[in-house]
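The values are calculated or read from the model by the stated rules, or taken from the named source; none is laboratory data. What you see is a predicted model; the values in this text were computed from it and never measured. Don't worry about glycine lacking a Cβ; one is built from the backbone with ideal geometry, like all the others, and counts go over all protein chains shown.
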Amino acid sequence: MKKVFIDGAQGTTGLRIHDRLMERNDIELIRLPEELRKDPGAVGEALNQSDIAFLCLPDDAAREAVGMLNNDNTVILDTSTAHRTAPGWAYGFPELSPEHREAIQSSHRIAVPGCHASGFIALVYPLIKAGVLKPDAELSCFSLTGYSGGGRKMIAQYEASDRSVLLDAPRQYGLTQQHKHLKEMVAVSGIASAPAFCPIVSDFYAGMEVTVPLFPSSLLKKVSMADIVEIYKENYPGGIVSVCQESDEAGFLSAGALSGKDSMVLSVYGQEERMLLVARYDNLGKGASGAAVQCMNLVLGTDEETGLVL
């Protein structure tokens, strides 16, 4: 039985991972008492005793945790931004290609994708790979997320009884165009430069809707909406990531439609001159914890959907 340790198990991502693992009988969770949860010696010992360790930590703390390892046997699944474009780290989105899947299965260092980045990459990567989208295309990305994406501090802010009235409406952030997910969005998707990125946090707990507008001028050859849908279906034949052209109701799409789930749904809307590529999922599911557990399943050689809510 494999031993699993969650470093940062009290955060939003760590708690969701714990929920997905606690009923499983194929792993043994290493738990630290509350008083030792942040003790470097105890954490280092737990990391080195584990077969698989999830890092649900800020970037610098994740780097420090990796530095505590004195063996090459522990498989690290890092949910922070720290290693997503680092040499020697597999990128934890197996549906992108057989090469991504094989890298995850064989790696001891796996970087779990960022929440916003997951949707953008899922939409753009197959079009670059298929030779349809210009690598130097100037793209934009609109991403709507629930407030749990901001962690415990933002959750407390939104759920406070005396909160600011400004939180009643959606809030755009990342205004300097230096969001920490942009680096992986460029490196993994295959585009030459970062998109104009507009992340929005709104007053709902969990869920995500990422939209990438697409114009014919960004394409290497003429393709229809139906062609792009077929490219997605070929790249994502079903399972955790799927393709669906239906709206929720009356032409509306809810960013919270997949809240609580670990799946992702891609769609293509609009018309031939102005297409909208849309990915919907849970920022804590396929955007974080669900993706991490899926990668662990691949490392263990079990069904990748084990323990997930789909």
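At a glance:
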| item | result |
| --- | --- |
| Hey, Thr81 under 30 Å from Val201 (Cα atoms) and touching an Asp or Glu at 6+ places or on another chain (Cβ under 6 Å) or not | yes |
| Which listed residue is among the hydrophobic types (A, V, I, L, M, F, W, C), free of Cβ contacts under 8 Å to residues at least 60 places away in the same chain, within 27 Å of Ala169 (Cα to Cα) and crowded, with 17+ Cβ neighbours inside 10 Å, from Val212, Val243, Val201 | Val201 |
| Considering residues of region 229-240 that are surrounded by fewer than 15 Cβ atoms within 10 Å (Cβ to Cβ) and not charged (D, E, K, R) only, the residue nearest to the chain's Cα centre (by Cα) | Gly239 |
| Tally, over region 175-198, of residues that are touching a residue at least 24 places away in the same chain (Cβ under 8 Å), farther than 24 Å from Glu95 by Cα and loosely packed, with under 15 Cβ neighbours inside 10 Å | 1 |
| Where a residue in region 1-18 is over 19 Å from Leu300 (Cβ atoms) and its partner, wherever it lies, is assigned to a helix (DSSP H, G or I) and among the polar types (S, T, N, Q), with Cβ under 6 Å and at least six apart | Thr12/Ser148; Thr13/Ser289 |
| Which numbered condition Arg20 misses (of (1) over 17 Å from the mean Cα position of the chain (by Cα); (2) assigned to a helix (DSSP H, G or I)) | (1) |
| Meets criteria (closer than 22 Å to Ser289 by Cα, among the β-branched types (Val, Ile, Thr) and either in the same structural domain as Asp78 (by TED's automatic domain parsing) or not in a helix (DSSP H, G or I) (or both)) for Ile104 | yes |
| When residues of region 17-31 are limited to those that are more than 15 Å from Glu305 (Cβ to Cβ) and among the hydrophobic types (A, V, I, L, M, F, W, C), the one surrounded by the fewest Cβ atoms within 10 Å (Cβ to Cβ) | Met22 |
| Of residues in region 64-101 being of a type in the set (Gly, Ala, Ser) and assigned to a loop (DSSP other than H, G, I, E, B), the one surrounded by the fewest Cβ atoms within 10 Å (Cβ to Cβ) | Gly88 |
| Selection status of Asp60, outside the structural domain of Gly207 (by TED's automatic domain parsing), in a helix (DSSP H, G or I) and loosely packed, with under 14 Cβ neighbours inside 10 Å | yes |
| Every residue from region 129-147 that is touching a Gly at 6+ places or on another chain (Cβ under 9 Å) and either buried (at least 18 other Cβ atoms within 10 Å of the Cβ) or part of a loop (DSSP other than H, G, I, E, B) (or both) | Leu133, Pro135, Cys141, Ser143, Leu144, Thr145, Gly146 |
| Within region 158-174, tally of residues that are part of a helix (DSSP H, G or I) and either modelled with pLDDT under 95 or surrounded by fewer than 17 Cβ atoms within 10 Å (Cβ to Cβ) (or both) | 4 |
| Residues that are aromatic (Phe, Trp, Tyr) and crowded, with 21+ Cβ neighbours inside 10 Å, drawn from region 246-293 | Tyr281 |
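Table: residues versus (1) closer than 21 Å to Leu214 by Cα; (2) touching a residue at least 12 places away in the same chain (Cβ under 8 Å); (3) not assigned by TED's automatic domain parsing to the domain that holds Thr13.
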site	(1), (2), (3)
Glu138	yes, yes, yes
Leu144	yes, yes, yes
Lys153	no, no, yes
Ala156	no, no, yes
Ser161	no, no, yes
Pro170	no, yes, yes
Tyr173	no, yes, yes
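Per-residue answers, yes or no, for (1) touching a Pro at 6+ places or on another chain (Cβ under 6 Å); (2) assigned to a strand (DSSP E or B):
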| site | (1), (2) |
| --- | --- |
| Val201 | no, yes |
| Ile231 | yes, no |
| Pro237 | no, no |
| Asp262 | no, no |
| Val265 | no, yes |
| Ala288 | no, no |
| Met296 | no, no |
| Leu310 | no, no |
